[in-house]
Amino acid sequence: MIQLEFSEAEYRKLVEAMYLADWVTNAHTVSDSITNPYSLDQKIYKKAQAAGCGDLVVYAEKEKAFMPSRKLEEKGHDVLDEYDEETFWEELVNRLAVRDIEEERGPDALGKMSQEEQFRLVSQMEERYQTECERFGVDRLEIVEEYGPAQK
């Protein structure tokens, strides 16, 4: 067994990090932490009160498990919302850039380039979309339907 010592501030960060990790890991599945009292998050949440972080965790009698408090959920979702917002724009810009490069040069063009060439070309193309998204968000993005021989 490993023993660690934490200040209250460090333990608070640990509880917050545990919440975020559990959310990212289990947001689209059912977590085993409620049914498994020995899961990592239960071990961390169980000691929260003693560590001065009782405002972040509540004990749910019905589930017989420690759960994130509303305060922890709100703080965590603020972090997750900011992360999702940034990730959305980065992914959108990157995917549009890669799509355009593959349309211009062929679907395997990037795979034939060195990493430096890929980075340079994708970065140049991303700049165009980055500027567009910063100025207009998604307001000017639309689906263009093709008809006839060019239709995929």
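Pairs are defined by a Cβ separation below 6 Å, a sequence spacing of at least 6 or placement on different chains, a first member in the stretch 40-69 that is farther than 20 Å from W23 by Cα and in the same structural domain as Y19 (by TED's automatic domain parsing), and a second member that is surrounded by 19 or more Cβ atoms within 10 Å (Cβ to Cβ) and among the hydroxyl-bearing types (S, T, Y); the pairs so defined are A51/Y11.
None of V144, V57 is under 25 Å from the mean Cα position of the chain (by Cα) and β-branched (V, I, T) except V57.
Against the conditions (1) over 22 Å from L4 (Cβ atoms); (2) assigned to a helix (DSSP H, G or I), M67 satisfies every one except (2). Listed by first and then second residue, the pairs with beta-carbon distance under 7 Å, at least 6 apart or on different chains, first residue in the stretch 1-26 and without any contact (Cβ under 8 Å) to a residue 60 or more places away in the chain, second surrounded by fewer than 16 Cβ atoms within 10 Å (Cβ to Cβ) and of a type in the set (G, A, S), are E8/G52; D22/S31. Only one entry in A48, A65, A60, A21 is surrounded by fewer than 12 Cβ atoms within 10 Å (Cβ to Cβ) and more than 30 Å from E127 (Cβ to Cβ), namely A60.
The values are calculated or read from the model by the stated rules, or taken from the named source; none is laboratory data. Bear in mind the structure is a predicted one, so any value in this text is a computation, not a measurement. We place every Cβ from the backbone using ideal geometry, glycine too, and count neighbours over all the protein chains shown.
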